[in-house]
Amino acid sequence: MRNIPLHRRKEVRLGFRYVLACLLVLVFVFPVYWLFIISFKTPDEIFAFPPVWYPKSIQFSNYFVLFKDGDAQTVLNSLILATTSTFFAMILGTIAAYSLVRFKTGGENLAVWIISQRMMPPVAIVFPVFLLYVFFGWVDTFFGLILLYTAFNLPYVIWMMRGYIEDIPLELEESALVDGCSRWEVLWKVVMPMARSGLFATAVFTFVFAWNEFLFALVLTRTEVTTYTVQVTHYFGGQSNFWAKIAAMSVLGTIPVFFAVATMQRYLVRGISMGAVKG
Amino acid sequence: MSDLKITGLHKYYGAFHAVKGIDLEVPSGEFTVLVGPSGCGKSTLLRTIAGLEEASDGVIEIGNKDVTWARPRDRDIAMVFQNYALYPYMNVFENIAFGLRARKIAPAEINSRVKRAADMLGIGALLQRLPRELSGGQRQRVAIGRAIVRDARLFLFDEPLSNLDAQLRDDMRVEIKRLHQELKRTMIYVTHDQIEAMTLADRIVLLRDGRIEQLGAPLDLFERPAGLFVAGFLGSPKMNFLPATLAGSSAVLSDGTKLVLPRKHGGKNGQAIILGIRPQHIALSGKKPMLGHAQLKVTTELVQPTGSRVHVTFPLGGKTVVADFEFHAVSKPGEKISIDIDMTRAIIFDPQSETVI
């Protein structure tokens, strides 16, 4: 680049960066595109060689079948389970985290003990949980899974919110206490707005955890509250796999997460970086 | 009538005894300053009055009502914090109105009270701004606005100016003093800055190690300190302390310099003492020494002009002594000068008990 003038050199460098960025985007987006496009293909097109890069005619039939058979209902089930359990985990977790930070409830050890619960491999407890649920009659109920997801996500919520709440200057809360707020009002009017970014970021992750959960949904559900992750596996047959259905179901399953992340993106970026840098 | 009465107040943090039995009564409308070096318990005392810390023992009464165990919001107090404590997601208006809203005051009333407070502090034009769009001084005004809008019985200030730069600190000090004169409310103000304490206070409470060392009007403490600590804490530059021995009506410094003590004192002949002389009580000597003044010749070591005054350092009695002269008085170090010490205002301390003899 010795013979290129300085202002040109900058442009060339920028050009390289764009090319690199485009390549990376391609690598990451292509599988999503492929999944999406399969869901609109006919069975012949799916297995055609050379591959069909885009379908000749868009086939909605793959989706129609899902709705006709009631399989699409499983996406709604997942949505109910994930949002409800996220809601409860966020409420309980934030209150618990506030208590840990401000009142040093249980000392330092309790917080570590709580997060250690998250490290337990789910498969290690799935059998005892199953027996317990059979005993209480909670198998294949919304209540059972919401309870489990809430309990499973609580440690994560508490751990994350603890960090965000610790970053809130104590004086803000004290000032509110003097100005006439009760502890609950302080939590609602000061802590929640101050930790808003962290709250949203944590909620998105909690939602995604519950949304993607597979093991417990497989073991603890039968027909009533089947989640979409379990439903997808039904299409992997012994003889053949229903690729079109798998693709269509996966697209349906991606949409809510896509919207959750897209709408919360602003808070997500702020929330994640907020925990990283103090100040 | 007193707005605040504290009786036998103690505060422990585990084994650490932060406040060691404070008795204090603050009359209505008085500006009281709690001052002392860091770790003396002044902020703890203020926070205990506010109810942000629980008293370990003792009674706190605000407006003749025992509030020792009351929640902060039930104490009829307003407080200004060191770091402003403004809510970053609310604009200035909402920040000032926060306490009124929490107390469910009618919106029309909130409006007029916020406007009045903002005008009083000269931030009427900033009501729609967010705290991050304000300068440090403006933020502190908003914080003060949030307190005065409350119309509380007791106003507490926890080192409100220590985050501001020197120029702004001077301006805000004037502002707070003016505010007190206008509102005529009882204010309790914590600072470690003795100049703030001297200029603002109707009465200073000087704390040390969790106890009240001395309390009284600023000039009383300055002119008649109870002991070495108070004498050394108040005044800038610091009071000079010279070890000496009493010989009749004179004090003999370690280098043999004899200084006549014109005032009566309770010391005995031959007793070791510490002689306290304020830098302001040393002047360049005129022709004849006045009655009760001592005249000495010294060689200057250090000359520090401050603008209006000049601080000159010289050795005397084995110690380095600072004098506060008129500007232009001395130009360079190493100069031989003749000084005049006002011995009528010198203070004699007992080195053991550190009290005035």
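Scanning the stretch A:111-128 for residues that are in a helix (DSSP H, G or I) and either exposed (fewer than 10 other Cβ atoms within 10 Å of the Cβ) or touching a helix residue (DSSP H, G or I) at 6+ places or on another chain (Cβ under 7 Å) (or both) returns A:ALA111, A:ILE114, A:ILE115, A:GLN117, A:ARG118, A:MET119, A:PRO122, A:VAL123, A:ALA124, A:VAL126, A:PRO128.
Mind listing just one residue for me: the one in the stretch A:194-204 that is in a helix (DSSP H, G or I) and of a type outside the set (S, T, N, Q) and, of those, surrounded by the fewest Cβ atoms within 10 Å (Cβ to Cβ)?
A:ARG196
Among the residues here, A:GLU166 does not qualify as within 14 Å of chain B (Cβ to nearest Cβ) and more than 17 Å from A:VAL219 (Cα to Cα). Within the stretch B:205-219, at least one residue is among the acidic types (Asp, Glu) and either under 20 Å from B:GLY276 (Cα atoms) or in a strand (DSSP E or B) (or both).
Checking the stretch A:218-230 against the condition returns no match, with no residue being within 16 Å of the chain's Cα centre (by Cα), assigned to a loop (DSSP other than H, G, I, E, B), away from chain B (no Cβ under 14 Å) and of a type in the set (Asp, Glu).
In this structure, is B:GLN295 of a type in the set (S, T, N, Q) and within 23 Å of B:PHE233 (Cβ to Cβ)? For B:GLN295, the condition - of a type in the set (S, T, N, Q) and within 23 Å of B:PHE233 (Cβ to Cβ) - is not met.
Any idea which residue in the stretch A:16-49 is farthest from the chain's Cα centre (by Cα), counting only those that are at pLDDT below 85 and loosely packed, with under 10 Cβ neighbours inside 10 Å? Once the filter is applied, the top-ranked residue is A:PHE49. Could you tell me how many of the residues in the stretch B:87-104 are more than 8 Å from every other protein chain (Cβ to nearest Cβ), in contact with a helix residue (DSSP H, G or I) (Cβ under 9 Å, 6 or more places away or on another chain) and assigned to a loop (DSSP other than H, G, I, E, B)? So the count comes out to 2. For the stretch B:1-28, the set of residues classified as closer than 14 Å to B:LYS65 by Cα and acidic (Asp, Glu) consists of B:ASP3, B:GLU25, listed by residue number. Can you name every residue in the stretch B:319-337 that is small (Gly, Ala, Ser) and surrounded by 12 or more Cβ atoms within 10 Å (Cβ to Cβ)? The answer is B:ALA323, B:ALA329.
For the structure I just gave you, tell me whether B:ILE49 is touching a residue at least 40 places away in the same chain (Cβ under 8 Å), on the phi < 0 side of the Ramachandran plot and within 14 Å of chain A (Cβ to nearest Cβ).
yes
Only residues that are within 19 Å of A:ARG102 (Cα to Cα), in a loop (DSSP other than H, G, I, E, B) and within 8 Å of another protein chain (Cβ to nearest Cβ) were counted in the stretch B:52-82, giving 3.
From the list B:LEU242, B:LEU215, B:LEU253, B:LEU246, which one is in contact (Cβ under 8 Å) with a residue 24 or more places away in the chain, over 21 Å from B:THR344 (Cα atoms), touching a Lys or Arg at 6+ places or on another chain (Cβ under 9 Å) and not β-branched (Val, Ile, Thr)? Give the steps one after another, and end with the answer.
Working: B:LEU242 fails: over 21 Å from B:THR344 (Cα atoms); B:LEU253 fails: over 21 Å from B:THR344 (Cα atoms); B:LEU246 fails: over 21 Å from B:THR344 (Cα atoms).
Answer to the selection: B:LEU215.
The residues of the stretch B:77-99 that are out of contact with any strand residue (DSSP E or B) (no Cβ under 6 Å at 6 or more places or on another chain) and under 16 Å from B:ARG153 (Cα atoms) amount to a single one, B:GLY99. Any residue in the stretch B:114-121 that is over 17 Å from the mean Cα position of the chain (by Cα), buried (at least 19 other Cβ atoms within 10 Å of the Cβ) and farther than 26 Å from B:VAL33 by Cα? Among the residues of the stretch B:114-121, at least one is over 17 Å from the mean Cα position of the chain (by Cα), buried (at least 19 other Cβ atoms within 10 Å of the Cβ) and farther than 26 Å from B:VAL33 by Cα, which makes the answer yes. Checked against (1) in contact with a Lys or Arg (Cβ under 7 Å, 6 or more places away or on another chain); (2) away from chain A (no Cβ under 14 Å), B:PRO107 passes all but condition (1). The set of residues in the stretch A:181-193 being within 8 Å of another protein chain (Cβ to nearest Cβ) and either at pLDDT below 90 or crowded, with 21+ Cβ neighbours inside 10 Å (or both) consists of A:CYS181, A:VAL190.
Counting the residues of the stretch A:230-253 that are buried (at least 16 other Cβ atoms within 10 Å of the Cβ) and within 23 Å of A:LYS41 (Cβ to Cβ) gives 15. Every listed requirement among (1) more than 9 Å from chain B (Cβ to nearest Cβ); (2) assigned to a helix (DSSP H, G or I) is met by A:LEU172 save one, (1). B:LYS297 meets the stated requirement of being in a strand (DSSP E or B) and of a type in the set (Lys, Arg).
Residues considered: A:VAL178, A:VAL204, A:VAL157. Of these, the only one that is among the β-branched types (Val, Ile, Thr) and within 14 Å of another protein chain (Cβ to nearest Cβ) is A:VAL178.
The values are calculated or read from the model by the stated rules, or taken from the named source; none is laboratory data. Predicted model only: the values in this text are computed from it and were never measured. Glycine gets a Cβ as well: all are built from the backbone with ideal geometry, and neighbour counts include every protein chain shown.
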